[in-house]
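The values are calculated or read from the model by the stated rules, or taken from the named source; none is laboratory data. Keep in mind that this is a model prediction, so the values were computed, not measured. Glycine gets a Cβ as well: all are built from the backbone with ideal geometry, and neighbour counts include every protein chain shown. Protein only, heavy atoms only, side chains kept; ligands, DNA and RNA dropped before computing areas. Shrake-Rupley method; radii C 1.70, N 1.55, O 1.52, S 1.80 Å.
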Amino acid sequence: MRSFNTILVTGGAGFIGANFIHYLFSRPDFQGKIINLDVLTYAGNLESLDDIEKTHGGKRYFFERADICDRAAVEAIFAKHAPDAVVHFAAESHVDRSILGPEAFVKTNVMGTFTMLDVARNAWKGREDVLFHHVSTDEVFGSLGETGYFTEKTPYDPRSPYSAAKAGSDHLVMAYSHTFGLPVTLTNCSNNYGPYQFPEKLIPVMILNMVEGKPLPVYGDGRNIRDWLYVEDHNSAVWTVMTKGKPGETYNIGGENEWENIKLLKELMASVARHTGKNLADYEKLITYVKDRPGHDRRYAIDCSKLKKELGWKQSFTFDQGLDRTVAWYLENTKWIEDVRSGAYRDWIKKNYGER
Ligand code: NAD
Ligand code: TDX
């Protein structure tokens, strides 16, 4: 089992990264330091880590504002903190935004990943007691029909600018392993949900629109299928692969929990209704079918048996438990929601870190 002294987490102010930092600090077997490298795009929010900053700031937790495409800045962070592991979450992550403006996706996901890899290779100079873990998505495998699953051997077939740029980053990671011997692990995960997810993704959009009595926009016929995983289960899988995975290998992570969007929405309505005490009918009347997402992948489903069999990981949260926690979190954390939506938080960033 590998252990690490100093872990450089990129994108730690985003949804999964912030949950990962909370998760690591809750683990008794991790006593090292975490460096959070994040440029704070619209999707990055340091409020998600206020409690961590208070408890561990300046001792075991350090924030560094930098762009992963900025080689000099990344080199300086490596020189200052000497990490022995990188967990690379930073990315542009929203498919709809990649359709509206693909360039940022190519820059951050491809060039940014290249920069992280190349700086790590130069800083680590052939060391074997280090690890670069790359966090990727099931979307690189394309779209499934009614049957079948993505395995680690499924050929890549990305179909949106987001998934194409993530596929590019995955190829670079494996190339750095094969060509330069950089110790890497790579995971491809299905759709995550949970606290701190930016309200542009399906589940938070729908929860907040229900509470505010706004239309619930269902793309196309609502019958696209996603495999949903509670974010803490994703992070326990990432940690399992980092500590026990074989360098140079890829592992699929999934919830084994497929839902048609429209059916998922009905589950979510029931959960929100339980929390708010409102009638289900009040939410059902908000369902609004809208124009489909261009190139909308029909079905994703992950076979994660390699991770389960070889490394002994399993999911800990049922879908009911995960949804219940997520709904409760969005109903309670109104300040976080107001701040990420209003731009008040962006003003705070400008004041403290300057214009970027
Ligand atoms: P997110 O959009 O919530 O967060 C991304 C974070 O990266 C933000 O804090 C942002 O400020 C930071 N960032 C963006 N560009 C940067 C740059 N150039 N330099 C430094 N920091 C930058 O994303 P997320 O949903 O937390 O996803 C994290 C990772 O997991 C991504 O690589 C994504 O592809 C992958 N993933 C996500 C899901 C999902 O369902 N959300 C599923 C599988 C894989
Ligand atoms: O308002 C909506 N209405 C709707 O019907 C939104 C935001 C989405 N949808 C549909 C599109 C998808 O079929 O819901 C499904 C989920 O959509 P998203 O939340 O945008 O996620 P998806 O496109 O599946 O991608 C997510 O999972 C894989 C993450 O955003 C990616 O970062 C991750 O790699």
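The table for this structure:
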{"item": "Directionally averaged projected area (convex hull, Cα atoms, region 132-259), nm²", "result": "8.9 nm²"}
{"item": "Charge tally in the Cβ shell below 10 Å around LEU46, where Lys, Arg are +1 and Asp, Glu are -1, LEU46 excluded", "result": "-3"}
{"item": "Spatially proximal aspartates and glutamates relative to LYS59 (Cα-Cα < 18 Å; intrachain offsets below 8 disregarded)", "result": "ASP29, ASP50, ASP51, ASP84"}
{"item": "Projected area averaged over orientations for region 29-77, convex hull of C-alpha atoms, nm²", "result": "4.2 nm²"}
{"item": "Radius ratio Rg over Rh of region 229-354, counting only Cα atoms, Kirkwood formula for Rh", "result": "1.05"}
{"item": "The chain: calculated mean residue ellipticity at 222 nm from DSSP helix runs of at least 4, using -39500 (n - 2.57)", "result": "-13000 deg cm²/dmol"}
{"item": "Projected label distance in nm at GLN321 and LYS291, using a 7 Å step from Cα toward the beta-carbon", "result": "4.2 nm"}
{"item": "Accessible area (Å², per residue) of region 144-244, counting only protein heavy atoms and a probe of 1.4 Å", "result": "36 Å²"}
{"item": "Set LYS54/LYS278; LYS80/LYS335; LYS153/LYS309; LYS278/LYS335; LYS125/LYS306 screened for pairs whose C-alpha atoms are more than 26 Å apart", "result": "LYS54/LYS278; LYS80/LYS335; LYS125/LYS306"}
{"item": "Candidate aspartates and glutamates for bridging to LYS291, where Cα separation is under 16 Å - those fewer than 8 sequence places away on the same chain excluded", "result": "ASP96, ASP221"}
{"item": "Reference-scaled alpha-carbon Rg (2.2 N^0.38 Å with N residues) for the chain", "result": "0.96"}
{"item": "Pairs of alpha carbons in region 212-260 whose separation is greater than 12 Å (percent)", "result": "73 percent"}
{"item": "Accessible area (Å², 1.4 Å probe, nearest 10) - LYS80", "result": "140 Å²"}
{"item": "Angle in degrees between helix 161-180 and the longest Cα principal axis of the chain, rounded to the nearest 10", "result": "20 degrees"}
{"item": "Pairs of alpha carbons in region 59-167 whose separation is greater than 19 Å (percent)", "result": "53 percent"}
{"item": "In degrees, nearest ten, helix 344-353 long axis to first principal axis of the chain (Cα)", "result": "10 degrees"}
